[in-house]
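The values are calculated or read from the model by the stated rules, or taken from the named source; none is laboratory data. Computed from a predicted model, the values in this text were never measured in an experiment. Cβ coordinates were reconstructed from backbone atoms using ideal geometry, including for glycine residues, and neighbour counts include every protein chain displayed. Protein only, heavy atoms only, side chains kept; ligands, DNA and RNA dropped before computing areas. Shrake-Rupley method; radii C 1.70, N 1.55, O 1.52, S 1.80 Å.
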Number of protein chains: 2
Amino acid sequence: MGKKQSSAFEKNITAIKTMIEHDGFVPGDRIPSERELAERLSISRPAVREALRTLAYLGIVETRHGGGSYLLNRDDHAYIEIIAHFLVTGESKFEDLAGTLRLIEHAALCKLEDRESLRDHLETDALFREVLIQSTGNDLYERIWRQVNAFYLSFGQGDLYTRAERESFLNDRSR
Amino acid sequence: MGKKQSSAFEKNITAIKTMIEHDGFVPGDRIPSERELAERLSISRPAVREALRTLAYLGIVETRHGGGSYLLNRDDHAYIEIIAHFLVTGESKFEDLAGTLRLIEHAALCKLEDRESLRDHLETDALFREVLIQSTGNDLYERIWRQVNAFYLSFGQGDLYTRAERESFLNDRSR
DNA sequence: AAGGCGTAATTGGTCTGACCAATGCCGCCG
DNA sequence: CGGCGGCATTGGTCAGACCAATTACGCCTT
């Protein structure tokens, strides 16, 4: 993953990230003030702010005017708006949503060796699919799924599969 | 999906984005200088920079020291934000990138009835996978793939599959 | 002694202005 | 006509100041 070629700006982001990690902050914690970060990292406050603003936009930290900056856990719904944008602009159709979920879950199912482990969760569609995705062990894949799924759920369309469909997944190797 | 409550910083990002769009800039174009943006938007240069740095980090624009800022590829950058977010948090590993691509493409392959149509594109990995994804006919799914793939390519890791692997995809129904 | 309240300190938000560094343009000179 | 050098433009960084919102803390009241 080379990229030795990182600008000072990117270095600052990394520096703040590693400092947060090194000092053992957990989601919800208040991180040092902009002025303190600037001093400890030996950079100016504007430089800290440019990095911090980016981290805030990405949903990694939250800043409160006068109250400091806080580390977030990012189960944030901000990205739902991004997906919504595609639908609103008509660039994607709503049917694509369910279709996308089925495709994502289909791949997970194909990869899963021991499908019997799913049997315990046949009853509830949401849990069944959640466990299915987690079986991939791919964090990025899981996160993408989670965002699309959250948006799908916001439409209140109910279950994605019927109970019979879920059951068939356990046996039908062609799927 | 309310969010009337956007900070000045987010407004600035939106303002710059809409100005770029309004003025009809296309990828590769040089956008106005930071000082000019500040004047036209009636905000300070630091405010412009905070927004611009974020846009640069997200891969929407590129800045060259002394050379101005340039608009990058026009594809919707939305998912880049998501992916960048995951990687920045360090909770997703780089290996997840390739794994995610394989999963996404695997599902497309499973769904594809007529695999022979892929035979014409066996030679080049990039085109093969592009055609494969397009065969799903799911625009949202394709967009997600495109973003993940763009991110993967930015690391210059080369082909995702060997020629032999691609060929095996045409025959192996178990995949 | 306990609690409420107001003030001061802290912290983020924004701006001005300055200077450095890299780039690019353009005219001058060979 | 072409190469080269200087100057204008532009991004990179910083210092400092002031405002606004929040928080902390001590004082006063009860």
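Considering only the stretch A:49-69, state which residues are open to solvent by less than 40 Å² (accessible area, probe 1.4 Å) and either among the basic types (Lys, Arg) or more than 9 Å from DNA strand D (Cβ to nearest atom) (or both).
A:Ala51, A:Leu52, A:Arg53, A:Thr54, A:Leu55, A:Ala56, A:Leu58, A:Gly59, A:Ile60, A:Val61, A:Ser69
If a residue must be more than 9 Å from chain B (Cβ to nearest Cβ) and without any contact (Cβ under 8 Å) to a residue 12 or more places away in the chain, how many such residues does the stretch A:96-125 contain?
Matching residues across the stretch A:96-125 total 5.
Out of all the residues in the stretch A:5-18, which are away from DNA strand C (no atom under 12 Å from the Cβ) and under 17 Å from A:Glu62 (Cβ atoms)?
A:Ile13, A:Lys17
Kindly provide the set of residues from the stretch A:146-172 that are at pLDDT below 75 and within 17 Å of A:Leu122 (Cα to Cα), ordered by number.
A:Asp172
List the residue pairs whose Cβ atoms are under 9 Å apart, where the first residue sits in the stretch A:55-69 and is farther than 15 Å from B:Ala8 by Cβ, the second is of a type in the set (Phe, Trp, Tyr) and more than 6 Å from DNA strand C (Cβ to nearest atom), and the two are 6 or more positions apart or on different chains.
Every condition considered, the pairs that remain are A:Leu58/B:Tyr57; A:Gly59/A:Tyr79; A:Val61/A:Tyr70; A:Glu62/A:Tyr70.
Kindly provide the set of residues from the stretch B:34-48 that are within 11 Å of DNA strand C (Cβ to nearest atom), within 18 Å of B:Tyr70 (Cβ to Cβ) and open to solvent by 40 Å² or more (accessible area, probe 1.4 Å), ordered by number.
B:Arg35
For the stretch A:104-135, name all the residues that are open to solvent by 70 Å² or more (accessible area, probe 1.4 Å) and under 11 Å from A:Phe169 (Cα atoms).
Correct list: A:Glu116, A:Arg119.
Residues of the stretch A:126-145 being within 14 Å of chain B (Cβ to nearest Cβ) and without any contact (Cβ under 8 Å) to a residue 12 or more places away in the chain, which ones?
A:Gln134, A:Gly137, A:Asn138, A:Asp139, A:Leu140, A:Glu142, A:Arg143
Quickly run through the stretch A:136-153 and pick out the residues that are of a type outside the set (A, V, I, L, M), assigned to a helix (DSSP H, G or I) and open to solvent by 10 Å² or more (accessible area, probe 1.4 Å).
Scanning the stretch A:136-153 gives A:Asp139, A:Glu142, A:Arg143, A:Arg146, A:Gln147, A:Asn149, A:Tyr152.
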